[in-house]
């Protein structure tokens, strides 16, 4: 088990190096347009001394491999550099935004778990019923709807068309901004629904197919032959088997959401990591972009590891690092 | 001896897109306490469906049991029971073990927990008490180090051990009837013998009546009191084991016996297969369902459906010629060795 863990952590190193190196190459002069000094100073005219000073300060005169080595060195110390635009350490910026992203991600995951799993179970247990048909239909539609479009439509519906019924004032719980009329959690509802939409549909579909598969297994017949009720057969014997792939999907999804949902956060102006990365791209704020991407890579890798480890808990047939016996 | 189970004119049909599958079509038998009935036939002859009908585990969406059919357990009709009463019988008074032990245990629960589950359900035991009892049961079916093995998961058990665990599970509530649906088919030969010996030993100890479903006559030679031979959803022969093995009446039974490997004759003896395939249960042949494969079939067999007629005391056959004393194959003998 420990051996497996160490091996998995070591595997993260090449992934990590690959991602950072790619970003550094994109930054090399001539690959993407733009003068780094200009990105830092903006449109103001600057003197040659100031320019030289900035080049010196940010180490822009050094060769790219050298800059990369320095960056990695700082990273080991937990320093992701200074934002060009905000003159603040990138680590501080991300630490500021991260709690908002976590809050939104957790809300979305809760929706995903409750709605997705319930719909999946109902449509499997009542296969070909009206509920099943509606679930299949609605999940197909949800999967096909782009997140940004869904977000904007929800804003249009609740913020403008239904304005009279949803509060009357301009500030509606459609953005991350605090308002006078709604408690803080209410602002999470629409972004969370938007963020959860596609995944909820996938969870419902995976749950349905897994549940159907589990219900067709021989051990279900054994459980029925014991005299267990249909309910006990479904919840005790089919559920745990059917949940294994669903947990995987939800786990990985949580990792992705933790890293910041760029589309959803941008549309709802949600002050999370995703929105920060979006702004950093627009402003060519390389240190923030680099830091954000490194953060995403970390979050996804760690959650993937946790998901893999959770298999061993759910499925006794899987034991890492050595045979079962 | 009292009659435990009586099956009257059991008809279980499945309504499929291709037509009505007459999986079981008019089966009658009864089972006395402590007795063993072997149900023998090829795949698709209706053996398993008969068993599942008794357990009332036929899928309700497609399977229909005939209105004039009845199954009486201790004189009470199982088919007219509500679901709750049926569940209190299922697993408690009538238990069942299945063909493939590799897939019949739930992979995500410990074996001991699965064995004890019906005790919690039917006998009101606490989980801990059921776990204790499960260890005793696993020990009874010959699992070594039962206490430790009860904490294992099914994938840590071999096929033979899993079937032992299935037997322990089925016998947990000390049922009146154990239905064993081809319990040894998925196991290799040495393990088959062990499992059969175990079942015989346990039956002597617990007095459970057994319905043994198999396609292998050799399996039942030692343990059955009565044998019922099925073909295309119908009974073709019914009698004591001795009658059916040593004085078989129906040509299909002859065929089954002749296709068994025998170790009392020379190695050069040739196995005689039954030619052809079992019929489609949607389009059962007119007349005797076995006539297309029967080497003795006459014109009349193509048109007249034979009914199960008592030929000798307690020995019946569904062949139009069974009444004829000259229509016998006395040289047919089973391979079943007496241990």
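A few notes on this one:
- Potential lengthening between residue A:45 and residue A:235 on full extension [0.36 nm per residue; Cα-Cα distance subtracted]: 61.4 nm
- Considering all C-alpha pairs of the stretch A:214-304, those separated by over 14 Å amount to 72%.
- Shielding value for A:270-279 is 0, the average number of Cβ atoms from other chains within 10 Å of each residue's Cβ.
- Measuring nothing but alpha carbons in the stretch B:1-100 and taking Rh as the Kirkwood radius, the Rg to Rh ratio lands at 0.95.
- Taking the convex hull of the alpha carbon positions in the stretch B:179-279 and averaging its projected area over all directions gives 7.5 nm².
- Three-way shape call for the stretch B:116-250 based on the alpha-carbon gyration tensor, with the a/c threshold at 1.5: prolate
- In plain terms, if you count all Cα to Cα distances in the stretch A:251-321 and split them into 5 Å steps from zero, the share in each step is 3, 17, 20, 18, 13, 9, 7, 6, 4, 1, 0 percent.
- Mean Cβ count within 10 Å, highest first, over the residues of peptides B:193-201, B:313-321: B:313-321, B:193-201
- Three semi-axes of the equivalent ellipsoid, the stretch A:66-168, Cα gyration tensor, whole Å, largest first: 42, 22, 13
- Sorting A:208, A:221 from the fewest to the most surrounding beta carbons within 10 angstrom yields A:221, A:208.
- Kirkwood Rh, angstrom, the stretch B:70-169 [1 / mean 1/r, Cα pairs]: 14.3
- Peptides A:7-14, A:287-294, A:300-307 ranked from most to least packed by the mean count of surrounding Cβ atoms within 10 Å: A:287-294, A:300-307, A:7-14.
- Ranked B:128, B:22, criterion: other C-beta atoms within 10 Å, fewest first: B:128, B:22
- Kirkwood radius, the stretch B:277-320, all distinct C-alpha pairs, inverse of mean reciprocal distance: 11.2 Å.
- Both radii were evaluated on the Cα set of the stretch A:52-111; the Rg over Rh quotient, with Rh as the Kirkwood radius, amounts to 1.18.
- Footprinting exposure proxy for B:148, B:6, B:258 (fewest neighbouring C-beta atoms within 10 Å first): B:148, B:6, B:258
- An ellipsoid equivalent to the stretch A:1-150, defined through the eigenvalues of its Cα gyration tensor, has semi-axes of 47, 22, 16 Å when rounded to whole angstrom and sorted largest first.
- Between residue B:282 and residue A:118, the modelled label-to-label distance comes to 4.2 nm, taking each label 7 Å out from Cα in the direction of the beta carbon.
- Spin-label pair residue A:25/residue A:96, simplified geometry with 7 Å Cα→Cβ offset, distance in nm: 3.3
- One equal scatterer on each Cα of the stretch A:1-76, no solvent, Debye formula: the resulting log10 I(q)/I(0) at q = 0.11 Å⁻¹ is -0.43.
- Projected label distance in nm at residue A:281 and residue B:275, using a 7 Å step from Cα toward the beta-carbon: 7.5
- Helices in chain A, meaning DSSP H runs of at least 4 residues, each add -39500 (n - 2.57). Divided by all residues, the mean residue ellipticity at 222 nm is -21000 deg cm²/dmol.
- Peptide-level mean, for B:99-108, of C-beta atoms on other protein chains within 10 Å: 5
- The alpha carbons of the stretch B:59-128 stretch over 43, 27, 19 Å along the principal axes, in descending order.
- Expressed as a whole percent, the proportion of Cα-Cα pairs in the stretch B:110-178 lying more than 16 Å apart is 37%.
- Debye-formula intensities of chain A, expressed as log10 I(q)/I(0) at q = 0.15 Å⁻¹, are -1.24 (one equal scatterer per alpha-carbon, no solvent).
- Cα centroid separation - the stretch B:149-208 against the stretch A:265-284, whole Å: 63
- The convex hull drawn around the Cα atoms of the stretch B:1-60, when projected onto a plane and averaged over every direction, covers 4.6 nm².
- Based on DSSP H segments of at least four residues, each scored -39500 (n - 2.57), chain B has a per-residue ellipticity at 222 nm of -8000 deg cm²/dmol.
- Estimated FRET transfer efficiency (residue A:4, residue B:128; beta-carbon r; R0 41 Å; 0.05): 0.75
- Base-10 log of normalised Debye intensity for chain B (one unit scatterer per alpha-carbon) at q = 0.15 Å⁻¹: -1.30
- Shape category assigned to the stretch B:216-324 from the gyration tensor of Cα positions, a/c cut at 1.5: oblate
- Each principal axis of the Cα cloud of the protein assembly as shown was evaluated for its coordinate range; sorted largest first, these ranges are 124, 59, 52 Å.
- Average beta-carbon neighbours from other chains, 10 Å sphere, peptide A:215-223: 6
Coordinate-derived values only; no laboratory data. None of these values were measured; they are calculated from a predicted model. Every residue, glycine among them, receives a Cβ derived from its backbone with ideal geometry; neighbour counts consider all protein chains shown.
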